[in-house]
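Novice: Here it is, the structure in full.
The values are calculated or read from the model by the stated rules, or taken from the named source; none is laboratory data. On a predicted model such as this, the values are computed, not experimentally measured, just so you know. Here the Cβ is made from the backbone with ideal geometry for all residues, glycine too, and neighbour counts use every protein chain on show.
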Amino acid sequence: MANHKSALKRVRANEKKRVLNRYQHKTARNAVRDLREETDKGAAEKRLPEVMSMVDKLAKKNIIHSKKASNLKSSLASHVNAL
């Protein structure tokens, strides 16, 4: 267990960040899944910028790797264009 006040504070802060990161990551994964299941091209084109923005934010905060974000965005764009 931590012995210093600053270490205890770091434990609390890390837990808050972990919970928020998990929430954002799960929300983005669900959005990606829903976009991939979309069959209507108009609806998919409307949702694509929102999902790309979510993925970009995850990459910016280092929740996912920037190259994984690029690969996700590319595959989603290809999927929407193929509809």
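Novice: Before we move on, is Arg22 out of contact with any strand residue (DSSP E or B) (no Cβ under 7 Å at 6 or more places or on another chain), at pLDDT 95 or above and not aliphatic (A, V, I, L, M)?
Specialist: Considered against the rule, which asks whether it is out of contact with any strand residue (DSSP E or B) (no Cβ under 7 Å at 6 or more places or on another chain), at pLDDT 95 or above and not aliphatic (A, V, I, L, M), Arg22 comes out as yes.
Novice: Among the residues of region 42-63, which ones are in contact (Cβ under 8 Å) with a residue 24 or more places away in the chain and more than 11 Å from the chain's Cα centre (by Cα)? Break it down stepwise before answering.
Specialist: Within region 42-63, the first condition is being in contact (Cβ under 8 Å) with a residue 24 or more places away in the chain, and the residues that meet it are 44-45, 48, 51-52, 54-55, 57-58, 61, 63.
Within region 42-63, Ala44, Glu45, Leu48 qualify.
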